[in-house]
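These notes concern the structure reproduced below.
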Amino acid sequence: MDPRTSVGAPGRRRALALALAVALAASLVVALHPVAGHAAGATYVVKVDAKPPKGEMWDFMRFFPSSLAVHAGDTIRFEWNGVEGPHTATLVDARRAHHWRTVHQGKGGDYRLFVKDTTLGGDDHNLVINPQVAAPCGPPPSPTCSFDGTGVVNSGIQFSNPSDQPTFTVNVDPATPPGEYSVLCLLHPGMEMHLYVMPPGTKIQSPSQVLADAQAEIGHAKHVDGPAADAKVQRVRRQRMDDGHVHWWIHAGAVVGGVSADEFLDRTLRVHKGDRITVVGSMEIHNLTFPFTRSAARPFIATVCEQTGKDKPAQSPADCASPMDFRIDLNPNVTKATDSHVLSRHEVRNSGILIKPNPADGVSYPFRDHFTYKAKHVGRFHGLCNVHGPMMDIHIRVLP
Ligand SMILES: [Cu+2]
């Protein structure tokens, strides 16, 4: 549970009592089983995300290594390692991560990514990030928590930041039953790691061997998967329509091997008046908004305190009357498509959020997977993705 949600809330005393009981129990355990005689557990590092080559807008929706064996009593330190991408590292009591997702992140699931603020007592009808997904199990940005093989232990949403990377430390409880568990990112279906808790005495890889494996996997993702995702974005499909015009199909990003190229076509797409352009989503959320200048300043999310009427901007849960009122709102001007599909240089046009989930992941999104623009006016059109910012942009030229 998020400790922040107990502060000042009616459940505070109960939480405090529980904490005291846990502390008491822990001291008894220590008294009964003196630490001497126990070998100190090893600490394993898992890299969350990775840095792309210079100039590339790639997110690595991966844990490195992709599978890890530990003993009960060991520690796992998740180290965010990307440029700015948000992720969670979430330990769950499930052998098959996608099965867990289907149950908990499918329609109505308790860990689904987006919820209506009205389901949380709000009155704006905005979509918000599910607080259950966002909330860390301990104080951010570097929570330390314990996993005993049951329930969910969640880092909460943490953003990569090369100058101050967050970490998430998980003590694998000495009582954890040997078995197979999963670590997953609640934001990115497919971003998963197998976690094996091995019986005591079993020989497993050392932390330095694990780190070497992780580096090798990062190298492969960087040199093979990333370029493949990038190449996929550059692919354009065209189809002659009955009226003689052309229907163009372009990608809003592409994901290969868990590496998301957050880009549109590098070159200018040249089409003719009367053509159509369908933008197809990938496994990462994007939108395509025109025109560049008027759309560039639209933030995708806003952090607020929920209150009757217009919500109050906030930096953190501490800014709210109750920390439980803290919300991460999605900007409806980004998530919702405009009624008009006609490319324009003057009026804002928006595809809404596009995502094409892998059906095998069982995750449902309140968004569409494609949007079709109509080229009715001759001219040059410059668009961008509001989720990933002005670096993810596209030029379309409509010829007579
Ligand atoms: Cu992620």
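The values are calculated or read from the model by the stated rules, or taken from the named source; none is laboratory data. Every value quoted in this text rests on a predicted model; they were computed, and no experiment measured them. No Cβ is skipped: glycine too gets one built from the backbone with ideal geometry, and neighbour counts run over all protein chains shown.
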Point to revise | Selection count where residues are farther than 27 Å from residue 201 by Cα and crowded, with 20+ Cβ neighbours inside 10 Å, scope segment 50-85 | key: 11
**Study point:** Hey, residue 31 more than 16 Å from the ligand (Cβ to nearest atom), surrounded by 10 or more Cβ atoms within 10 Å (Cβ to Cβ), modelled with pLDDT under 50 and assigned by TED's automatic domain parsing to the domain that holds residue 132 or not
**Key:** no
Exercise for review: For segment 351-386, name all the residues that are in contact with a helix residue (DSSP H, G or I) (Cβ under 7 Å, 6 or more places away or on another chain) and under 18 Å from residue 294 (Cα atoms).
Suggested key: 352, 353, 382, 383, 384, 386
Check your understanding: Among the candidates 128, 103, 92, which residue alone is touching a Lys or Arg at 6+ places or on another chain (Cβ under 7 Å) and outside the structural domain of residue 304 (by TED's automatic domain parsing)?
Key -> 128
Review point. Wholly within segment 52-128, which strands (runs of 3 or more DSSP E) include no fewer than the required count, namely at least 1 residues that are among the hydrophobic types (A, V, I, L, M, F, W, C) and within 18 Å of the chain's Cα centre (by Cα)?
Key: 58-60, 75-80, 90-92, 114-116
**Study point:** Selected residue [loosely packed, with under 15 Cβ neighbours inside 10 Å and either of a type in the set (A, V, I, L, M, F, W, C) or in contact (Cβ under 8 Å) with a residue 60 or more places away in the chain (or both)] from 190, 179
**Key:** 179
Exercise for review: Please work out if residue 134 is aliphatic (A, V, I, L, M), within 28 Å of residue 45 (Cα to Cα), within 15 Å of the ligand (Cβ to nearest atom) and at pLDDT below 90.
Suggested key: yes
Review point. For segment 231-247, how many residues are outside any loop (DSSP other than H, G, I, E, B) and either in contact with an Asp or Glu (Cβ under 6 Å, 6 or more places away or on another chain) or within 21 Å of residue 84 (Cβ to Cβ) (or both)?
Key: 2
Exercise for review: Give the residue, chosen from 163, 208, 146, that is free of Cβ contacts under 8 Å to residues at least 60 places away in the same chain, on the phi < 0 side of the Ramachandran plot, outside the structural domain of residue 315 (by TED's automatic domain parsing) and in a loop (DSSP other than H, G, I, E, B).
Suggested key: 163
